[in-house]
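Presented below is the structure to which this report refers.
The values are calculated or read from the model by the stated rules, or taken from the named source; none is laboratory data. This structure is a prediction, so every number in the text was calculated from the model and none was measured. Cβ sites come from the backbone with ideal geometry, for glycine too, and all protein chains shown count toward neighbours.
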There are 2 protein chains.
Amino acid sequence: MASYKAPLREIHFVLDDVLNVGSLAQMPAFAEVTPELIGGLVDEAAKLIENQIAPLNAPGDAQGCKFDNGEVKVPDGFADAYKLYWQSGWVGLCNDTEFGGQGLPYTLSKVVDELLCSANVAFALYPGLTVGCFEAILANGSDEQKKTYLPKLGTGEWTGTMCMTEPQAGSDLAAVKTKATPNGDGSYSLEGGKIFITSGQHTMAENIIHFVLARLPDSPPGVKGLSTFVVPKFLVNADGSIGARNPVNCVAIEHKMGIHGSCTTSLQFDNAKGWMVGAPNTGIQNMFVMMNLARILVGMQGLGLCELATQNAIAYAKDRKQGKAFNGGATIIDHPDVRRMLLTMKATVEGARVLAYETGMYVDISHHHPDPAVREEAQDWVELNTPLVKAFCTDSAVDLGSLAVQVYGGHGFIREHGVEQIMRDAKILCLYEGTNGIQAMDLVRRKLMLHGGRVPKRFFAKVRAESTADTPVGFIAKPLREALEDLEKTAAWLQESFKSNPDDAGFGAVDFLRAFSLVYLGFNWLRMAKAATNHADAGFRESKLNTAQFFASRMLPQVHALCANVRTPASALMQLSAEVF
Amino acid sequence: MASYKAPLREIHFVLDDVLNVGSLAQMPAFAEVTPELIGGLVDEAAKLIENQIAPLNAPGDAQGCKFDNGEVKVPDGFADAYKLYWQSGWVGLCNDTEFGGQGLPYTLSKVVDELLCSANVAFALYPGLTVGCFEAILANGSDEQKKTYLPKLGTGEWTGTMCMTEPQAGSDLAAVKTKATPNGDGSYSLEGGKIFITSGQHTMAENIIHFVLARLPDSPPGVKGLSTFVVPKFLVNADGSIGARNPVNCVAIEHKMGIHGSCTTSLQFDNAKGWMVGAPNTGIQNMFVMMNLARILVGMQGLGLCELATQNAIAYAKDRKQGKAFNGGATIIDHPDVRRMLLTMKATVEGARVLAYETGMYVDISHHHPDPAVREEAQDWVELNTPLVKAFCTDSAVDLGSLAVQVYGGHGFIREHGVEQIMRDAKILCLYEGTNGIQAMDLVRRKLMLHGGRVPKRFFAKVRAESTADTPVGFIAKPLREALEDLEKTAAWLQESFKSNPDDAGFGAVDFLRAFSLVYLGFNWLRMAKAATNHADAGFRESKLNTAQFFASRMLPQVHALCANVRTPASALMQLSAEVF
C-alpha cells in the first residue's frame, strides 16, 4: 500500500522562504493570518489527513462505489471520514464567514487540497465539488438562494455538484439540451439527462445541491442560450428544514479506470424543481466562475498525486536492494537510471508546487487587496496560471505515476503496492474540467491575447528581471534566460500566426503550454535555489541545489525543442483528408 | 469496447514494399515461402484472431483469473480459444518441424504475434511463454529432454513457463535462492519459491512445463552458480503419457493493474522433480537463449497495443462530433490538437512496425542464411535491435494508450470504451523481461561496445547511405542526417565516458535508447516515404507522406535534446546522499 506523509518541511519552505506567504497579512482581510497561523493549520490538517483519510485510499479503490436501485453506496469509512472532515472545518476553510466558512486565505485551502489529494484523491472530490458549487451560488445567486443553500454548503454539511456534461455535450457545451421550463412561480422544471456527474448521488450528506446548466424554452441555440439553475436533491423548506424529494435521480454510475471511491453518476432530471441562478442566458459565464477555481483545484489534485508518487518511489528506492551500483551502493537509489527517474520526479513536483501555491496567492490578492491596480494585476496572473496549473500538474501526475511504477519494477504493477493506483487515478485529471488540450487552447487563444498581450509580457519581464539579477545560481539563471527568449519569440509567433492560420497555433498549443510551464518551473527553481543557498539544513540545501541543477541541465532545455515544434507550420497536415487516416 | 481489425494493408506494405520479405525465400530453409504464402497466412491469422480472440479481451479483463485452493481459473472462453489457436497451428508456426512446428519464418510469427497482442495481450502470454520454453529446451536440452517435452510444447498442446524471479531476485538474478539437489539418478529435487510466473498454473493444457533457474548445492554464489532445469507439472512416463503430479504448486496469484486475463502466479517447489538442461552453472546463458527472443516478443506486445490504441483513437475521432473546427470540420479529427495526437500515434506505430518486423527478418537470416558472414552480420543486428524493439515499442504502448484515452476525452476513462485497458495492460511491458532501464543499459554497456563498436558503426553507415542517396524525400533525409550525426557523436561520447565514469553513461542510457530508436524510425520513415511515392493508392500515398512529414518535422528533432542530455555529465548528481532525497 502506498504510504503518505505530508511533506511539511517542503511546504513550509515554499510558503515562507520562497513565496513569503506572510505578505498576505498586509491585506486587511487577513491581518491576523500570520505565517505561524498558516503553518499551524497546515500541520493540523496534515495530522487529520494522514491518519484518517489516507488509510481509506487503497480500500476505497478496491471496494469502489456500488449502485443499487437508485442509491449509491460509497466505500466503507468514507461517510465517517467526510463527517469528521467537514465538522473539523476543513471544507469551509476559505469560504466566506457569513456562510459557515472560516474566511482563511484561499492559498491555505490549496495547501490543504494538496494534502487531501495526495492522501485520497477520490475522497477529495466530495468536498472539492461542494466548494465549487458554493462559489457559483455565492457569485451569482440571489440573496434568498444564498440564505437557503450557502450556510450548509459553506461548511460542507451539504455537498454540491456541477452538472454540465451530457452524452453529446462534453467539451462542446453549446450542445447542451437539458430544458428548464418556467413554472410561473419563479421556479423552473428541469428535464434532461446529465452524465459524468461527480458526487451526484450518495447518502454522506443530508442534502445534495446541484448546479445545473440548462436551456430556457425561448433561448437562442449554442452557448448563448444556456442558463444556470440550482436544483436541490431535497427541496428546502422556508425554515431551512429538509422538504420533499426532488425528482433528480441517479440512473447509473460509471465503471472507471480509477478514482473508484468517487461516484461518477448519470442523473436524470424528471421535471425536477430548480431556480435560476443569475440572469437568463448567462449560464456559461456563471459556470466559469466555478470552472476557473475548479481547474485550479484539479491542478492541486495533480500536484497531490505527483507528491504521492514521488515520496513512495524515493522510499522504495532507498529500501530495495537489487544488484550492486557502479558507485558501490546496495539499494537501487544508487543506480543511475533510478536516480534519474527520482530527480525527474522531485524536480517536477517541487517546481510545480511553487506554481500552484503562487497561483493560490494571486487568487487571494485578486480578491482582497485594497489597491484595485494590484487586484487587477493579480487577476491577470490567475488567468495566465490557471491553464498551466491545471494541465502541467495533471500531465505530470500521469508521468510521475508511471515513473513510480517503473521505480518499483514488476512490483509496481501489483495492486497491493499502491503505485499503479496513482497512474489510474491520475488520468482523469487530464480530461475533466476541460481536457488538457482545451487548457492549451485557452492559453494560446485567450491568455496570450488578453489585454493586447499584457499578461504574458508581464510574465516575461518578471522572469527576465529575476534571472538577470546578480545571482550566485547562474547555473540555472543562464539556461532560464535562454529558454525565456525562445518562449517569448514563440509567443510572438503564435500571436501573429493565430490571426492568419489558427490551425497552426492549435497544432502547437499543447507543446507551447508545456514549454511555458517549464519556463515557469525554471523561474521557481531559480527562486528555490536562491532561498536554499542560505538554508540552515545542509542536507536540504544540498538536495535543493542538486535538484535545481538537474532541472536546469536536463529539463529546462526541453523548452527549445518544444518551441521549435510550435513554430513549425502544420497547415498542410490539417489538409489531409480524414478518410485516409 | 475497443474494436480490432488487423491493419492488413499496412502489414503487406511493410513486408512487401519496404522490407522485401520475399528475400527470405532466397535461403534454402524457406525456398517455398513466397510472399504470397506469407500474405495468405497473415490474412488467415487475422480472421481467426479478429473473430475468436479479440472478443475475449474486454470480458477477460473484467472477469480476470480466479485462484481457488491451488487451482487457477482463467476467464471464460480462454480455454476453448487456446485450443482452437494451437490446433490451428499458430503456436508452432515457426517452431522446428521435427517437434510439431510448421518451420515457417520467425518473421511471420512476429506478424501474427502483433495481431494476437492487439486483439488480446493477456491471452497472447499463454502461447508466448510456451514458445520461449520450447526454444530454451531446444537450444540446450538433451536428446531425451527434447523427445520428452518438445513435440507437445512445439504445437502448444502443453504450455510452458519461465521461472526466474524470486522476491529478493528481480532484476538481480544473482540473488536467486531456489535449490536443486541431485537425487543420484540424474534427476534433481527443486526447493524454493518463485514469483511473477506467467501461466504458472491453469487447466487449459494437459501439462505445464516449467523452465527453472536454480542453484546446485556446491555452486559458487552469484549468477555463475545458476543452472537451468526442466520441471514438468506432471511427470511424463517413458511412453509419453502423463504420470504423477509433481509437487510444484501455485500458492497465490497476483492482483494487477492490467493483463487480468493472464495468470501471474507464485509457485512453490516442494522437492519437485526436475532435470538439468545444459551444463551445470550455465543457467544464465541458457536462460538468455529464451530471454532475447522473449524480449522481442514483449516488443511485439507493445507494438500490438500501439496499433490497438491508434486504430481506436482514429475511429473515435472520425465519428465523434464536438464543436466546430477552425477548418469547418464537424468531427474532432479536424481539431488540430486531436490531429496532432493521431499523427503522433500513426508515426510511432507505423515506424515501430518496420523496426520490429525487420528485427524478425534478421533473426531468420541469422539462423538460416547459408553464408556464415551474413549470419554473423544478421546476429549483430538482432543484438542491436533487441533492446530497441523491447523498450521503444513498450514505452510507446503506454504513451499511445494514454493518448487514446485523451482523444476519447472523459469517455476514455470509462471502462466500457476499452481504451483505458490499453494503458493498464501496457505498463507491465515496460517492466518484465528486463525493465526498460535495463534494456537501455544493455544498449549502452553491451551493444555499443560489442566487437569493438562494430555494430552501431554498421547501423550509422547504413542510415547514412540511405539518407544521402539522391532522393525525392529530402524533407526527411535532411533531418535524418542531422539526427544521425548527433547520435553518432553521442555514441562516441558514451563509448569513452563509460570507461572513465559508468554513472555518466548510466544516467543517460534511457534518453540514448530513445534517441537511437527515433533515428531508427527516421530511417524507417525514409524508406516508407520512398516506397509510398509510387504507391497506386493515392489516399495511402498521401497519408504516408504526410505522416512522414510529421515525423520528420516534429518527432525526429527530439533526438537533439535527448543527445544533449546524454552528453551532460551526471556524476555530481550521483554523489548526492540518498538520505537527503
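Consider segment A:313-327 and keep the residues that are more than 28 Å from the chain's Cα centre (by Cα) and assigned to a helix (DSSP H, G or I). The one that is nearest to the other protein chains (Cβ to nearest Cβ) is A:Lys318. Could you tell me whether any residue of segment B:517-527 is small (Gly, Ala, Ser), assigned to a helix (DSSP H, G or I) and under 17 Å from B:Val354 (Cα atoms)? Among the residues of segment B:517-527, at least one is small (Gly, Ala, Ser), assigned to a helix (DSSP H, G or I) and under 17 Å from B:Val354 (Cα atoms), which makes the answer yes. The residue list B:Val354, B:Val363 contains one member that is away from chain A (no Cβ under 14 Å), surrounded by fewer than 24 Cβ atoms within 10 Å (Cβ to Cβ) and aliphatic (A, V, I, L, M), which is B:Val354. All of A:Ala509, A:Ala461, A:Ala491 fail the test of being surrounded by 21 or more Cβ atoms within 10 Å (Cβ to Cβ), more than 10 Å from chain B (Cβ to nearest Cβ), aliphatic (A, V, I, L, M) and part of a helix (DSSP H, G or I), apart from A:Ala491. Filtered by the rule that a residue be closer than 25 Å to A:Ser262 by Cβ, at the interface with chain B (Cβ under 10 Å from one of its Cβ atoms) and assigned to a helix (DSSP H, G or I), segment A:430-452 gives A:Cys430, A:Asn436, A:Gly437, A:Ile438. Being over 22 Å from B:Leu576 (Cβ atoms) and either outside any helix (DSSP H, G or I) or not assigned by TED's automatic domain parsing to the domain that holds A:Lys447 (or both) is a condition met by no residue of segment A:538-559. Of note, A:Ala532 does not satisfy the criterion of being away from chain B (no Cβ under 12 Å) and farther than 28 Å from A:Gly453 by Cβ. Within segment A:544-576, the only residue that satisfies the criterion of being touching a helix residue (DSSP H, G or I) at 6+ places or on another chain (Cβ under 6 Å), free of Cβ contacts under 8 Å to residues at least 12 places away in the same chain and of a type in the set (Gly, Ala, Ser) is A:Ala561. All of (1) more than 10 Å from chain A (Cβ to nearest Cβ); (2) surrounded by fewer than 20 Cβ atoms within 10 Å (Cβ to Cβ); (3) in a helix (DSSP H, G or I) hold for B:Ile422 with one exception: (2). Go over the candidates A:Ser571, A:Ser553, A:Ser517, A:Ser577 one by one and state the one that is within 11 Å of chain B (Cβ to nearest Cβ) and buried (at least 18 other Cβ atoms within 10 Å of the Cβ). Result of the check over A:Ser571, A:Ser553, A:Ser517, A:Ser577: A:Ser553. Evaluate the following for A:Ala325: is it farther than 28 Å from A:Lys66 by Cα, among the small types (Gly, Ala, Ser), surrounded by fewer than 24 Cβ atoms within 10 Å (Cβ to Cβ) and touching a Leu at 6+ places or on another chain (Cβ under 7 Å)? Answer is no for this residue.
Restricting B:Asn57, B:Asn51, B:Asn69 to those that are free of Cβ contacts under 8 Å to residues at least 12 places away in the same chain and within 18 Å of B:Gly304 (Cβ to Cβ) reduces the list to B:Asn51. Being of a type in the set (Ser, Thr, Tyr) and in contact with a Lys or Arg (Cβ under 7 Å, 6 or more places away or on another chain) holds for only one residue in B:Tyr362, B:Tyr357, and it is B:Tyr357.
The single residue among A:Asp399, A:Asp425, A:Asp442 that is within 18 Å of the chain's Cα centre (by Cα) and in contact (Cβ under 8 Å) with a residue 60 or more places away in the chain turns out to be A:Asp425.
For every residue, the table says whether it meets (1) assigned to a loop (DSSP other than H, G, I, E, B); (2) free of Cβ contacts under 8 Å to residues at least 40 places away in the same chain; (3) out of contact with any strand residue (DSSP E or B) (no Cβ under 9 Å at 6 or more places or on another chain); (4) closer than 30 Å to A:Gly329 by Cα.
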| residue | (1), (2), (3), (4) |
| --- | --- |
| B:Leu153 | no, no, no, no |
| B:Glu157 | yes, no, yes, no |
| B:Ala174 | no, no, no, yes |
| B:Glu191 | no, no, no, no |
| B:His210 | no, no, no, no |
| B:Pro217 | yes, yes, no, yes |
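Only one entry in A:Leu115, A:Leu93 is farther than 30 Å from A:Val251 by Cβ and in contact with a Ser or Thr (Cβ under 7 Å, 6 or more places away or on another chain), namely A:Leu93.
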